[in-house]
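J.: Please find one structure pasted underneath; my questions will follow.
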Amino acid sequence: MSRLVGGICLMPLLVLGTTLCCSNEVAGPNVVGPKPAEENNTIDVLRMIYSIAEEKGMRVVADLNMGGGELFTQYTTDEVAAHYRTYIPRFHKRYGGYKSFWGWYINNELNPLKPEETEVSGFWRTVWKSAVDACKETAPESVVTISPFFIMDREKHRGFDFLEPLDYERWWAKTLAHTGIDILMLQDSGAEHLSFFSLEDRRPFFQAFKNACDQAGSELWLNVESGEVDANDWQEAVAAEREGTQNWVYTPTAWLAQKLELAAAYSTNIVNWGYYPFMVPTVNPGPYLSNELPASLRSDSYRSYKTYYEQVKDQPVESPEQTKPLMRGTLWWLPVMYEGWSEEALENAIREQIDEQAALGFDMLWIVNAPANMEWAIVAER
């Protein structure tokens, strides 16, 4: 297999008890059928998020979710561009009036492309440029983000091709310059998310992406993951993957702190995947992803990181170009799961989540599956 595909591939996605991993399956929007007009006809979770974020001076980035990494096999560039020209103004008209509205997330993940893969490279550059153009025409001050990964498996234990850091630098420098993407949020643990990767394993890839961003005039952020597969080496990791026995755990705070220090040396900001499902301290369910980890374990992880945050937040940085080794926001994957909820209960659940994250210094909310949530709200209003 030459390409990892999938709509969202930052980790296993836990959706109402179902695990979605990086695979050949496209993880599309969580679509629901029409609802009677009298049922939950005022609920719009995205409006709640934008409104509460506005109260707290936070920023929101929402995804454009169209087909994941398999877009190339399903649509023409003209079809994708037409979709963006329609969807982006529609979304902005509904939510762009909030002061918290800040930007967009291009939610496509694809295996790193080789230099000779010119046709597919051209496809992605064309459709991403169409997305950026539509975003800038609709909301000129908004930012457009993307969050790719890299592969550290030089020996191809999992069958995927390994590319040198220079290959990433060249491909992304050209891609960023052509598309105008503002911010690249690099996943810090590669495609494999394994606990035994070292800081030195990561460093050449971080440098390659920084070089690409510098050449293109884009900004490099690091997406530092606080969840990982616990394994001692490649043999153990591959065997567990084949047997379906991977042990996903919270990244211990002492190790997470080292990853954050490295990220701060290369990036201008740090975001996160892993708060959901490994750090969320709340007991009550809500419109966000969780899993069956004991609440006590999740709360311990939250408190452990909060202790680190309190120790670091007031420390100075060496220069204005640097960022502190702290996470500033996390990815929310919002399943459409609002049956039986009142507007008040949902707002309380959302507010609780945002309050807990604000207490860690988060000032950005990174929302995925926004299109399906908007469509649900529009249907429910009819």
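J.: Which one of these is at pLDDT 95 or above and open to solvent by 20 Å² or more (accessible area, probe 1.4 Å): TYR87, TYR105, TYR98?
T.: TYR98
J.: Now for a separate question. Can you name the number of the only condition in (1) under 22 Å from ALA370 (Cβ atoms); (2) surrounded by fewer than 18 Cβ atoms within 10 Å (Cβ to Cβ) that GLY329 fails?
T.: Of (1) under 22 Å from ALA370 (Cβ atoms); (2) surrounded by fewer than 18 Cβ atoms within 10 Å (Cβ to Cβ), only one is false for GLY329: (2).
J.: For ALA173, are the conditions met, namely being in contact (Cβ under 8 Å) with a residue 12 or more places away in the chain, over 25 Å from TRP248 (Cβ atoms), open to solvent by less than 20 Å² (accessible area, probe 1.4 Å) and out of contact with any Pro (no Cβ under 6 Å at 6 or more places or on another chain)?
T.: Answer is yes for this residue.
J.: Then there's this: Please work out if PHE197 is over 21 Å from ASN108 (Cβ atoms), open to solvent by less than 20 Å² (accessible area, probe 1.4 Å) and either among the hydrophobic types (A, V, I, L, M, F, W, C) or in a helix (DSSP H, G or I) (or both).
T.: Here the answer is yes, as PHE197 does meet what is asked.
J.: Please go through (1) on the phi > 0 side of the Ramachandran plot; (2) crowded, with 21+ Cβ neighbours inside 10 Å for GLY217 and return the number of the only condition it doesn't satisfy.
T.: (2)
J.: Would you be able to say whether some residue in the range 59-71 is surrounded by fewer than 16 Cβ atoms within 10 Å (Cβ to Cβ) and not small (Gly, Ala, Ser)? Step through it out loud before you land on a result.
T.: Let us first name the residues in the range 59-71 that are surrounded by fewer than 16 Cβ atoms within 10 Å (Cβ to Cβ), namely none.
Looking through the range 59-71, none of the residues is surrounded by fewer than 16 Cβ atoms within 10 Å (Cβ to Cβ) and not small (Gly, Ala, Ser).
J.: A follow-up question, please. Which pairs turn up if I take residues in the range 109-120 that are within 15 Å of LEU71 (Cα to Cα) and look for partners that are open to solvent by 20 Å² or more (accessible area, probe 1.4 Å) and part of a loop (DSSP other than H, G, I, E, B) with beta carbon separation below 6 Å, at least 6 apart in sequence or on another chain?
T.: ASN111/ARG3
J.: Let me ask something additional. Please count how many residues of the range 323-361 are aliphatic (A, V, I, L, M) and assigned to a helix (DSSP H, G or I). Walk me through how you get there before you give the answer.
T.: To start, the set of residues in the range 323-361 that are aliphatic (A, V, I, L, M) comprises 326-327, 331, 334, 336-337, 345-346, 349-350, 354, 358-360.
Then keep just the ones that are assigned to a helix (DSSP H, G or I); that gives 345-346, 349-350, 354, 358.
Residues meeting the conditions: 6.
J.: Got at least one residue in the range 358-366 being open to solvent by 30 Å² or more (accessible area, probe 1.4 Å), farther than 24 Å from ILE146 by Cβ and at pLDDT 95 or above?
T.: Yes, that holds for at least one residue.
The values are calculated or read from the model by the stated rules, or taken from the named source; none is laboratory data. Nothing here was measured: the structure is a model prediction, and the numbers come from that model. A quick note on method: Cβ atoms are made from the backbone with ideal geometry, for glycine too, and the neighbour counts reach across all protein chains shown. When the accessible area is computed, the model is the full protein with side chains, heavy atoms only, and any ligands, DNA or RNA have been set aside. Shrake-Rupley method; radii C 1.70, N 1.55, O 1.52, S 1.80 Å.
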